[in-house]
Amino acid sequence: MSDLLIRGADLIGRGRSDLLIRNGRFVDPADAGSDVDQLDADGLVALPGLVDLHTHLREPGREDAETVESGTLAAARGGFTAVLAMANTTPVTDTAEAAEHVAALGTRHGHAQVVPVGAVSKGLDGVELAELGLMARARAGVRVFSDDGHCVSDARLMRRALEYVRAFDGVIAQHAQDPQLAGGAACCHEGEISGKLGLPGWPAAAEAGVVARDVQIAELTRSRLHVCHVSCAETVDVIRWAKQRDINVTAEVAPHHLMLTTSEVLNYDPTYKVNPPLRPNEHIEVIQEALADGTIDAVATDHAPHARHDKEHAFAEAAFGMLGLETALAVVIETMINSGLLSWPELAKRMSIMPAHIARLADQGHPLAKGEPANVVLVDPAARGVVNRDDSASLSRNNPWHGRDLPDPVIATIWAGQVTYQKGQ
C-alpha cells in the first residue's frame, strides 16, 4: 500500500492542512517522501468518512435490487466509509450465522465497511426475540438490532429486547409505526392530500405514540433506544422531552424527510412512496431545526433499492422506499449547510461522529489527525449538478432526486487508507 498525500484540504471547515496516509492511518505530513502519490485538495473540505446507520443492501435474497458490491459502491460515491446493513434480507439476519454471512460479504465485496444489523424478533414477526446475545458474541459483533420495516409493537417484547441488549451495550433501533393507527396499507400522510387522492392515511400520531411508549420503556430498563427515520414534529417533541429527562435515546432523520413534502405524491408517482411517508412542510421545518440543535442526532439514508417490477405499480400497491446513499450529503448540504442551519463541523458530527458512536464502531468517526484511521471524504462545497438516476452505482432506479439540481459534492472517498471513489475516474 503506497502512501497518499492529500494537499491543502480544509479540515472540517477549520483551516487548510495536508494529510498523509500510510498503512491505513494518518501520519505526520512532514514524513512524506518525494515520490508519494498526491491528491490536490485545494478548495475542498475534508470530512471524516460518513457513516450510514440505515442501509438496505438486499443481499442475500434480493440481488436483483441491490448487492453488497453495488450498494457499497453507491455508498463510496456518496462519501460513506461504513454502512449498517438492515436485517430484512432473505433469510432475515436473525441468527449469528446470518450476521456473519453479511459481514463476510462485506469483507469480500465491500467498497465500505459493512456492519450487519440484527433483527429484534425472529423472522421480523414481532413475536419471539431473535438470537440477540449470540449475534452480539459472534465475530460480526452486532450491536444494533432493528425490525425495520416492521414496528416492535408488543410493549413486553420491546422491554425484553431493551433489557437483553443492555448487558453488552447494544441498542434497539425502532421503526415507530403503530399498526392499529397506520397498518400495512397506510402510505400517505393523513391529511388533505391523502383524502383527495383516496390513499390510506398514515397519521403522525402513529409514529409519535410508539416513540412516547418506547422512551419510557428505555427509562425503565436503563437501556439504549434509537428512533429510526423521524418524520414528524410530534416525534421531535417526544424525543426532546426524553432527552431533558436524560433518557438514553438517540434519533435519526432520512434526507428525504429534510426536503420532500407530501405534495410529491399528487401525481401518484410511486417513487415517492416511502415509510414513514413524506410529511407537510411544517413538519420538515421542525425536523430541520431539531437536526440543527441536536435533538435529532444523525442523518441516516434509509437507502431502499427496489427492482422495477416491485416499484412500477399503482401507488398503493408499489413497494415502499427510495434510494439515498449517493445523494444524502448533497441534500444535507442543500438544506442545512447552504441555509446556515449547520456548520461543517456540525455536519461531520451528524453524519460521521454520532452515527459511529451510536453503532459503537471502533474505527469510524475519528478526527482527521495523526494516528487516527484514514477514513475521509473530500467535498467540493460549490459543485452542483442535475441528478440522473441512470448514473447511479445502485442496481435500482427508484431515485426521488432524478432531474433535480443539487450539490454534487463528493470528489474522493478514502476508506482505511484506500481510495474507494474518485470523481471522474
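The values are calculated or read from the model by the stated rules, or taken from the named source; none is laboratory data. Values in this document were obtained by computation on a predicted structure and should not be read as measured data. Cβ atoms come from the backbone with ideal geometry, glycine included; neighbour counts cover every protein chain shown. Remember, those area values only see protein heavy atoms, side chains included, never the ligands or the DNA or RNA. Shrake-Rupley method; radii C 1.70, N 1.55, O 1.52, S 1.80 Å.
Kindly work out what percent of the DSSP beta bridges joining two residues of the chain are antiparallel, to the nearest 5. Beta bridges within the chain, antiparallel portion: roughly 45 percent.
Within 10 Å, count the other beta carbons around each residue, average over each peptide in 141-154, 310-323, 116-129, 192-205, and list them highest first.
Numbers: 141-154: 22.6, 310-323: 18.3, 116-129: 20.5, 192-205: 16.6.
Most protected by this proxy first, the peptides run 141-154, 116-129, 310-323, 192-205.
The mean sequence separation of alpha-carbon pairs under 8 Å and at least six residues apart, normalised by the residue count of the chain, gives a relative contact order of 19 percent.
Using just the helices of the chain, give the 222 nm mean residue ellipticity in deg cm²/dmol: DSSP H runs with n ≥ 4 each add -39,500 (n - 2.57), and the total is spread over all residues, rounded to 500.
On the way: 12 runs with 110 residues, N = 425.
Theoretical 222 nm ellipticity from helices: -7500 deg cm²/dmol.
Scaling the Cα radius of gyration of the range 342-423 by the globular reference 2.2 N^0.38 Å produces a ratio of 1.26.
Each peptide among 275-281, 265-271 gets the average number of other Cβ atoms lying within 10 Å of its residues, and from highest to lowest they stand as 275-281, 265-271.
Average accessible surface for the chain: 38 Å² per residue, computed with a 1.4 Å probe over protein heavy atoms with every protein chain in place.
Residues whose amide H lies under 5 Å from that of residue 25, counting only those 5 or more places away or on a different chain, are 374; hydrogens are built 1.01 Å from N in the peptide plane.
In order along the range 405-414, the phi-based Karplus estimate (6.51 cos²θ - 1.76 cosθ + 1.60, θ = phi - 60°) of 3J(HN,Hα) comes to 7, 9, x, 10, x, 7, 9, 7, 10, 10 Hz; Gly and Pro are listed as x. Contact order, relative form, for the range 91-199: 22 percent (alpha carbon pairs under 8 Å, 6 or more residues apart, mean separation divided by residue count). Evaluated at q = 0.10 Å⁻¹, the base-10 log of the normalised Debye intensity for the range 93-208, with identical point scatterers placed on the Cα atoms, takes the values -0.38. Close Lys pairs in the chain (alpha-carbon distance under 28 Å; sequence gap of 8 or more, or different chains): 9. What is the log10 of I(q)/I(0) for the range 179-256, computed with the Debye formula using one identical point scatterer on each Cα and no solvent, at q = 0.22, 0.26 Å⁻¹? Per q value, in the given order, log10 I(q)/I(0) is -0.98, -1.18. In whole angstrom, how far apart do the alpha carbon centroids of the range 86-150 and the range 358-421 sit? Between the Cα centres of the range 86-150 and the range 358-421 lies a distance of 24 Å.
For the chain, the longest principal axis of the Cα atoms and the long axis of helix 205-221 meet at an angle of about 70 degrees. Computed extension gain for residue 18 through residue 386, at 0.36 nm per residue and net of the alpha carbon distance, reaches 129.3 nm. Axis angle, to the nearest 10 degrees, between helix 233-244 and the longest C-alpha principal axis of the chain: 70 degrees. The long axis of helix 96-109 is offset from the longest Cα principal axis of the chain by roughly 40 degrees. Phi angles of the range 386-401 translate, via the Karplus equation with coefficients 6.51, -1.76, 1.60 and θ = phi - 60°, into HN-Hα couplings of 8, 5, 10, 4, 6, 8, 5, 6, 5, 6, 9, 10, 7, 9, x, 9 Hz per residue; Gly and Pro are given as x.
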